[in-house]
1. Check B:Ile215: other-chain or 5+ apart residues with amide H under 5 Å from its amide H, H built from backbone geometry?
2. For A:Phe367, what charge total do you get from the other residues with a beta carbon under 11 Å from its beta carbon, if Lys and Arg give +1 and Asp and Glu give -1?
3. Put +1 on the Cβ of each Lys and Arg and -1 on the Cβ of each Asp and Glu in the protein assembly as shown; which of A:Thr15, B:Met177, A:Pro400 then has its Cα farthest toward the positive end of the dipole?
4. Would you mind estimating how fast the range A:156-301 diffuses translationally, via Stokes-Einstein at 37 °C and 0.692 mPa s with the Kirkwood radius over Cα pairs, in µm²/s?
5. If you take every residue apart from A:Thr119 with its C-beta less than 12 Å away from the C-beta of A:Thr119, what net charge results, scoring Lys and Arg +1 and Asp and Glu -1?
6. In nm, to one decimal, how far is the modelled label at A:Ala370 from the one at A:Arg396, with both set 7 Å along Cα→Cβ?
7. Among DSSP beta bridges whose residues both lie in the protein assembly as shown, state the antiparallel percentage, nearest 5.
8. What shape does the range B:1-63 have by the C-alpha gyration tensor, where a ≥ b ≥ c are the square roots of the eigenvalues, rounded means a/c under 1.5, and otherwise prolate means a/b greater than b/c and oblate the rest?
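We did not get these values from a lab; they are worked out from the coordinates using the rules stated. Note that the structure is predicted; figures quoted are calculated from it, not measured. Cβ coordinates were reconstructed from backbone atoms using ideal geometry, including for glycine residues, and neighbour counts include every protein chain displayed.
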Protein chains: 2
Amino acid sequence: MPKTNAFYAQSGGVTAVINASACGVIETARRHRARIGRVFAGCNGILGALEEELIDTSRESAAAIAALRHTPGGAFGSARYKLGSLEENRAQYERLIEVFQAHDIRYFFYNGGGDSADTCLKVSQLGARLGYPVTAIHVPKTVDNDLPITDVSPGFGSAAKYVAVSTREAALDVASMARTSTRVFILEVMGRHAGWLAAAAGLAGQGRDEAPHIILFPELPFDRAAFLARVQESVGRCGYCVIVVSEGARDPQGRFLADAGTTDAFGHRQLGGAAAVIAGLVKSELRLKCHYAIADYLQRSARHIASQVDVEQAYAVGKAAVELALEGRNAVMPTIVRRSSHPYRWQVGTAPLSRVANREKPLPRRFIRADGFGITAAARRYLGPLVQGEAYPPYRDGLPDYVSLRKSPVAKKLAPWSR
Amino acid sequence: MPKTNAFYAQSGGVTAVINASACGVIETARRHRARIGRVFAGCNGILGALEEELIDTSRESAAAIAALRHTPGGAFGSARYKLGSLEENRAQYERLIEVFQAHDIRYFFYNGGGDSADTCLKVSQLGARLGYPVTAIHVPKTVDNDLPITDVSPGFGSAAKYVAVSTREAALDVASMARTSTRVFILEVMGRHAGWLAAAAGLAGQGRDEAPHIILFPELPFDRAAFLARVQESVGRCGYCVIVVSEGARDPQGRFLADAGTTDAFGHRQLGGAAAVIAGLVKSELRLKCHYAIADYLQRSARHIASQVDVEQAYAVGKAAVELALEGRNAVMPTIVRRSSHPYRWQVGTAPLSRVANREKPLPRRFIRADGFGITAAARRYLGPLVQGEAYPPYRDGLPDYVSLRKSPVAKKLAPWSR
């Protein structure tokens, strides 16, 4: 097979370890210089291809590429940009081919979630549909852990570890303060459609007296009366109550709590996230002093507390993507296959993109305790191994020493793209 | 001097390292068994003394006490409870003496902030005023860093490190997303009256193009027009804007932004913290996609990312407190004295409580950049050393292995206390 170039891009919400996958792709490609010329990274995801904004990763030193393994965020820029169907957006795909042809790109590595798998699948069909064969491999990534087939999505384990550690730590704080001050602490975590990260908070404690005392999952409708009774019970028994609420928690009518139009004592609608709504409810109904934290981007960028398992898996799927491409596979995604939970053993497998694209893996009901407010032993068996090990970044002057790449642009050869 | 017992209590908001001070007190007292019998910890701060709810720390193993050094929160429970003046609250002080006498307590170690220093000062006067001499030493602690005389308050360095690390990490995330999604990220940090923690976020980057692009300090009135112009400028130049806002940021009328009564497009008053108000402003005035995080208790309990310097200083002031007491000093507080910033050298000094109690150390204006939105080189010189070094806790099953003490209660000898 003649030597051609590769395109790599990051897509959707970034994670603490998506750059570890980039590192796996680039380092592995560099070990196969006979077959892969250069890896061009898309500046801001797939937009980099459409706009011919390519970064020549061959201009980065080996040390800089190695440092991607411990650097959070998306080093090349990501994008929330979904390519439409080939039929209705033919011009976009033709532009992709034009750019690929101009830069002799025949390998396409796309690092993203479910939507990105769909885009990657379409690119894999460019040969059959538009006569320009591209080997397209999807590299899985999402803190939401909602990709199907793979046992876990790289990025999730580190966010899960952040959420569990933060819950354990904040619980110790509020437990100290409860006698005369804050009785209820609420942590809002990500997961608009699936409660995987909320579930991970459950690792912080065991049994009904250890925090978190209540988890509110998006999978179950918010039961106001049962919730308030449980808060009251926890405060009565333990002196305090730690609540973890998913940003995607919904009322029985299916509306996000965050949008539920709760009104305060003055009749004003409460804005803000789910945590603010829950705090307002606890204050107005139970008259308990409340604090709340919203982890937001902190939870998915917290490389300082990344899971070692997650970092290794993120690297492994990047590496496997290149190896699969070189084996001639197309339209597949490397997956994490769990061989055993105790001891934890995993290996890399593959899944056809046709079975990955646009499918979401919900949190199974058997992972949620019967009362709806906590996780089961099965959930602990699943989640526990994913947060194992600490993979600390290097520090300089007391702060993590994250890498900034040179990002040398590849000279443009084409006229500017107009959508 | 005959052997007597000691009382130790934690007061006010807890920190990631207040237990390291407890460890310093208890371990040092154990090394002086000839003079200090047992250390009784107050259950929930000074309330433990008033209610005769004492924990016998001599029942804890050496390993458990050593583990306090890496465990956040207040291991014995804290309290927000200020003793009034001796004149007006004589009964309370007489109750204290009754409890101290019943348990042969002649040493009083009080681990807290400015209000606690005032309480400690009053206890130090029990001998002269009420005929029961107690050696009272204040052990400094507060994430707010507003204690006078001491160069830094133990607890601040770790919270500062958390804030700086989180700002750096979240900035990498939003920088990746800015092209097609979030342009503005806001992190709300603690500091109701002083901007020390907001200033610490400034360590995350250098120069005007590195995050945080804007810091909003409680020391300066919020200038809406200048702020919006700066956000716009940062987005124009860098593609995104990272803002750190102190929970204590105020409008020109001196009202907290969090209470400023901002109304949304529907005329509803916006509730929630300063971050929600700033996000609402950015969205409505600049039409930019915004995300915000509220660190709340996470920042002051994040022992997993504690500053090594802070842990050492927290331990040192606990140790020094016992040594000062044994030297016969009364009504003093061990302080951190900075000998040099580069290289960082410090030692323990002392301050009379009369000069500590009820005084706040504001963030100096010379630490805030002339434009009001960032920190100066002088601030960096001051803050830099305080976040140095990582003092990771041990982990078990992927989570920090924090200690739970036995907390053996001391048998009560007195009738219950009624306020």
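1. Correct list: B:Val244, B:Gly374.
2. +4
3. With unit charges placed on the Cβ atoms, the residue in question is A:Pro400.
4. Details: Rh = 15.0 Å.
For the chosen part, D equals 219 µm²/s.
5. Details: positive: A:Arg80, A:Lys82, A:Lys122; negative: A:Asp115, A:Asp118.
Combined, the nearby Lys, Arg, Asp and Glu give +1.
6. With each label placed 7 Å out from Cα toward Cβ, I get 5.7 nm.
7. Numbers: 37 of 101 bridges.
Antiparallel bridges make up about 35 percent of those DSSP assigns within the protein assembly as shown.
8. Details: a/c = 2.00, a/b = 1.28, b/c = 1.56.
Verdict is oblate for the range B:1-63.
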